[in-house]
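The values are calculated or read from the model by the stated rules, or taken from the named source; none is laboratory data. Keep in mind it's a predicted model, so treat the numbers as computed, not measured. In this analysis, Cβ positions are derived from the backbone assuming ideal geometry, glycine residues included, and neighbour counts consider all displayed protein chains.
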Amino acid sequence: MPRKKPIIGICGGVGAGKSRVAAEFARLGCLVVDSDKLNHEVLVQPDVLAALQARWGQEVVTPEGQPDRRRIADLIFADAEQKQWLEGLLHPLILRRQAAMITAVEDNPAVKAIVIDSPLLFESQLDRQCDVVVFVAAGKSRRLQRLRRERGWTAEEVQRREGWQIPLVEKRSRATFVVDNDGLAERLRPQVADILQTILAQHS
């Protein structure tokens, strides 16, 4: 049975501005499933926090009882086994929430399409759920500039995180559409609008 609404995946390099593109899709009437946001939500669940402490100790929890995301990142990006364990813990919970969000809008005529915004779209095999994939392109210097300003990341931190991901050239080759996000919002908006119009026409 075909889906009632197309599912659009968003991928790209770290700092490419995937959330910015997702926000444009949302502005045009799409539901955005933000994997990072869902990750943050499940990370604070009491059972998840307990599992983190059981494996890594109190050091991964702040004095306020919240997950120490920076410390967790240090652990998983330095050790493939730790990263795999955490993904095994979180991904089923994230997928469950994602499925519930999609089901909730299936019969809502106001929602034109579903957008999955995930930094690990291909790595987590979320692309298999998508009808199309949009690659967000931005130059390395522009991406680093954004990450320094918004997250305080160094070039080394960016390289470390991207080292765990599929190469950008492969992500781009596997995408259905490419959005140039190296410039101003005024250039981005018509690109996203045209892509959505094409997707809706193909899905109808």
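Residues of segment 181-201 that are in contact (Cβ under 8 Å) with a residue 40 or more places away in the chain and either part of a helix (DSSP H, G or I) or of a type in the set (D, E, K, R) (or both): Asp182, Ala185, Leu188, Arg189, Val192, Ala193, Ile195, Leu196, Ile199, Leu200.
So is Val178 assigned to a strand (DSSP E or B), out of contact with any Pro (no Cβ under 7 Å at 6 or more places or on another chain) and modelled with pLDDT of 95 or more or not? It is true that Val178 is assigned to a strand (DSSP E or B), out of contact with any Pro (no Cβ under 7 Å at 6 or more places or on another chain) and modelled with pLDDT of 95 or more.
Of everything listed in (1) at pLDDT 90 or above; (2) closer than 29 Å to Ile199 by Cβ, the single unmet condition for Val60 is (2). Applying a threshold of 9 Å to beta carbon distances and a minimum spacing of six or more residues, or different chains, the list of pairs starting in segment 1-16 at a residue that is within 30 Å of Ala155 (Cβ to Cβ) and at pLDDT 95 or above and ending at one that is among the hydrophobic types (A, V, I, L, M, F, W, C) and in a loop (DSSP other than H, G, I, E, B) reads Gly9/Leu121; Gly9/Phe122; Gly9/Cys130; Gly9/Ala175; Ile10/Leu121. Say we look at segment 144-171 and pick out the residues that are on the phi < 0 side of the Ramachandran plot and assigned to a loop (DSSP other than H, G, I, E, B); which of these is surrounded by the fewest Cβ atoms within 10 Å (Cβ to Cβ)? Going through the qualifying residues, I end up with Gly163.
Filtering segment 21-44 to residues that are under 30 Å from Thr62 (Cα atoms) and touching a residue at least 40 places away in the same chain (Cβ under 8 Å) leaves Val32, Val33, Asp34, Ser35, Asp36, Leu38, Asn39, Glu41, Val42, Leu43.
Pairs are defined by a Cβ separation below 7 Å, a sequence spacing of at least 6 or placement on different chains, a first member in segment 129-142 that is at pLDDT below 90, and a second member that is acidic (Asp, Glu); the pairs so defined are Ala138/Asp182; Gly139/Asp182; Arg142/Asp182.
Comparison of Asp68, Asp117, Asp107 shows that the only residue that is crowded, with 17+ Cβ neighbours inside 10 Å, among the charged types (D, E, K, R) and in contact (Cβ under 8 Å) with a residue 40 or more places away in the chain is Asp117.
Every condition in (1) in contact (Cβ under 8 Å) with a residue 60 or more places away in the chain; (2) within 30 Å of Glu106 (Cα to Cα) is met by Glu87 except one, and the failing one is (1).
Restricting attention to segment 13-63, the residues being exposed (fewer than 13 other Cβ atoms within 10 Å of the Cβ), in a helix (DSSP H, G or I) and among the hydrophobic types (A, V, I, L, M, F, W, C) number 2. In the set (1) surrounded by 11 or more Cβ atoms within 10 Å (Cβ to Cβ); (2) of a type outside the set (S, T, N, Q); (3) in a helix (DSSP H, G or I), the condition left unmet by Glu81 is number (1). Pairs meeting the criteria (first residue in segment 150-161 and more than 18 Å from Ser19 (Cβ to Cβ), second residue assigned to a loop (DSSP other than H, G, I, E, B), beta carbons under 7 Å, at least 6 apart or on different chains) are Arg160/Phe77.
What about Ala100, is it free of Cβ contacts under 8 Å to residues at least 40 places away in the same chain, exposed (fewer than 15 other Cβ atoms within 10 Å of the Cβ) and farther than 23 Å from Thr176 by Cβ? Here the answer is yes, as Ala100 does meet what is asked. Of all the criteria given as (1) in contact with a Leu (Cβ under 8 Å, 6 or more places away or on another chain); (2) surrounded by fewer than 18 Cβ atoms within 10 Å (Cβ to Cβ), the one not satisfied by Lys112 is (2).
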